[in-house]
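This report refers to the structure that appears directly beneath it.
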Amino acid sequence: MADASRVVLGLGNCVDYELKLTSAVLSRLVTEYDIRAGELTSSPATVAGERDLVVSILSYVARGGGGEHFVASAPALSAFAHRFPHRTTLGGTAARAGIVLDRLGVPSTMHLVTVNDTVRRLLPASIEYVSSGVEDTFHPHLIVQYDRGLHIAVLGITAPFPNRLIYVNDPDNESMALTDDLGRLLSRAQIFLVSNFNAMRDKDLLDQRLAALREHMRRLPPSAVTYFEDAAYHEPAFSRRVREALLSHIDVYGLNEDELQSYLGHPVDLLSPPEVLEAITELRALIGVPILVLHTKYWAAAFGGDYTDALDNGTVMAATRYAHGDDFTDAVVERMRRTPRRPESVAFAAALTSGAGTDTISCVPGFALEVPDPTTVGLGDTFVGGFLAAIADPEGR
């Protein structure tokens, strides 16, 4: 077994309440709160209570989008969650990536900001951890899944795609305290995953945390790979502050299509190679890193290097989760590897790489999957875990 200190995953974690939306409950809430179709043009800037929460959710369902928001009322999250059957899981990019690494035989060490009995029970045995928390805390996140075709007749809307939404009121992740042990851990790391600053809402505190993180990262070995996974920021302006503070320390920068289009301010046809190349050129002017990784529902690509094996491993693991949730075996993963890819994605990948010019682009097509009850929660996090597993050295050489 490899040493868990070789892969360090940070920086935050949480407990998730995962639920699947149903038209019956949503329709009842629409009537109860007298919600009109005209309110669904965009998600409310401030989600103050359950009515705002329902409007926000429906605005995403109408366009098949995904996102993440701060909710001012923690009781509203709990009240909404308990209207649906739900399950309790571990959340945060680091935690979900660590679970995938564990399934693939790669141990890791996590930096946590919250610990409680649920976290202790659900963390795999191969994951060691340190925590910046001084006592047990519990601030569950609401993770909302919906299927393509979810229809709300009273509003005349139908979801064109499946997706997931995240709603949060979590003081621990807002604070994102860093343990003094982080630098010591990083001094032995070969891979360091950075994520979860997106929940912070205090500018001065964010700057303090970023400065402290840079000091800790000075202890990384020169050969270590730092992977940064982007997210939807509760305070959108903070995204730029994080990038400006950390870009010079990042080797691989990962994001999904929602985050791509949010940066650019316009939709991108993900099956048009010229349009994607133009979007990536525009994005790389904002995000200047050696390797930019974009994972989407159609394909995954790395711009600036050949990461085909890592992209493929991430895509396989994300597709396995999409089709099987947490209930899969090694045999299921191997069957997924042999599953046919989407023809349009295969054509796109070939065209994208052939049109790359002098840039190095690797692209892996997604799978042709028809899943009646897909899991849309944690797909990006699962992709990251698969990606990191492929670039880790599980034999410890």
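The values are calculated or read from the model by the stated rules, or taken from the named source; none is laboratory data. These figures come from a predicted structure and were not determined experimentally. Ideal geometry is used to build each Cβ from the backbone, glycine not excepted, and the neighbour counts take in all protein chains shown.
Brief remarks on what is shown
- Filter pass, residue 111 being out of contact with any Asp or Glu (no Cβ under 7 Å at 6 or more places or on another chain) and crowded, with 22+ Cβ neighbours inside 10 Å: yes
- Considering residues of the range 175-196 that are modelled with pLDDT of 95 or more and under 21 Å from residue 255 (Cα atoms) only, the residue surrounded by the most Cβ atoms within 10 Å (Cβ to Cβ): 193
- For the range 234-276, a residue qualifies if it is farther than 25 Å from residue 44 by Cβ, assigned to a helix (DSSP H, G or I) and of a type in the set (A, V, I, L, M, F, W, C), and the qualifying residues are 245, 246, 247, 276.
- In the range 197-227, the residue that is surrounded by the most Cβ atoms within 10 Å (Cβ to Cβ) out of those that are of a type in the set (Gly, Ala, Ser) and outside any loop (DSSP other than H, G, I, E, B) is 199.
- In the range 277-288, residue surrounded by the fewest Cβ atoms within 10 Å (Cβ to Cβ) [restricted to those that are assigned to a helix (DSSP H, G or I) and not β-branched (Val, Ile, Thr)]: 285
- Within the range 20-36, the set of residues being modelled with pLDDT of 95 or more and touching a strand residue (DSSP E or B) at 6+ places or on another chain (Cβ under 8 Å) comprises 21, 23, 26, 27, 30.
- Taking each residue of the range 20-36 that is without any contact (Cβ under 8 Å) to a residue 60 or more places away in the chain and looking for partners that are part of a helix (DSSP H, G or I) and among the basic types (Lys, Arg) with beta-carbon atoms closer than 6 Å, six or more apart or interchain, yields 33/51.
Listed here are the residues, each with its yes/no results for (1) of a type outside the set (Ser, Thr, Tyr); (2) over 22 Å from residue 143 (Cβ atoms).
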residue: 182; (1), (2): yes, yes
residue: 188; (1), (2): yes, yes
residue: 204; (1), (2): yes, yes
residue: 224; (1), (2): yes, yes
residue: 229; (1), (2): yes, no
residue: 265; (1), (2): yes, yes
residue: 272; (1), (2): no, yes
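- Selection from the range 125-149 of residues that are out of contact with any strand residue (DSSP E or B) (no Cβ under 7 Å at 6 or more places or on another chain) and either closer than 19 Å to residue 376 by Cβ or surrounded by fewer than 15 Cβ atoms within 10 Å (Cβ to Cβ) (or both): 125, 134, 135, 136, 147, 148
- Top-ranked residue in the range 122-135 [being in contact with a Ser or Thr (Cβ under 8 Å, 6 or more places away or on another chain) and assigned to a loop (DSSP other than H, G, I, E, B); ranked as modelled with the lowest pLDDT]: 133
- Only helices (runs of 4 or more DSSP H) whose full extent lies in the range 319-397 are considered here, and the ones with at least 3 residues that are surrounded by fewer than 16 Cβ atoms within 10 Å (Cβ to Cβ) and either acidic (Asp, Glu) or without any contact (Cβ under 8 Å) to a residue 60 or more places away in the chain (or both) are 330-337, 343-354.
- Summed over the range 37-72, residues that are in a loop (DSSP other than H, G, I, E, B) and either at pLDDT 95 or above or within 23 Å of the chain's Cα centre (by Cα) (or both) total 9.
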